[in-house]
Amino acid sequence: LRREVAEKAAGVRPTSSEKAKSQTAQAKSSRSQSSQPRASRLSDNRLREIYKQLEAPYGSSLEEVKKSFHRLMRKYHPDLHAGNPTKHKAATELTMSLTQAYDELEKHLQNPR
């Protein structure tokens, strides 16, 4: 995802296969956000993905994850790219993804079962 942001910022256009992968991921994401209740337990693979996305070591405490999240938000905040609509859009998408990952991990760490 960060590579996508960097490429968008540099003006590099994604290939058609990259677009297809992105659209597939978005479709899966929209299906997972349906009205059905989710299991409160995250799989080990999903936890690893979230920690990696937040650039925090696997198994970090909520406090460490929060620090990492805030550092990333300062680094990629859309307001830093207000003059460039392409960069602003990419930064918005990235920060939304980071926020979703943080919220999911925060919920998991606060309510371990």
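The values are calculated or read from the model by the stated rules, or taken from the named source; none is laboratory data. As the structure is a computational prediction, the values presented were derived from the model and not from experiment. Cβ atoms come from the backbone with ideal geometry, glycine included; neighbour counts cover every protein chain shown. Only protein heavy atoms, including side chains, enter the accessible area calculation; ligands, DNA and RNA are left aside. Shrake-Rupley method; radii C 1.70, N 1.55, O 1.52, S 1.80 Å.
A few remarks follow.
- Exposure ranking of 95, 86 by accessible area [1.4 Å probe, largest first]: 86, 95
- Solvent-accessible area, 1.4 Å probe, carbon plus sulfur percent, for segment 39-113: 52
- Additional length obtainable on full extension of the chain from residue 75 to residue 110, 0.36 nm per residue less Cα span: 10.0 nm
- At an R0 of 25 angstrom, the distance between the Cβ atoms of residue 96 and residue 44 translates into a FRET efficiency of 0.50.
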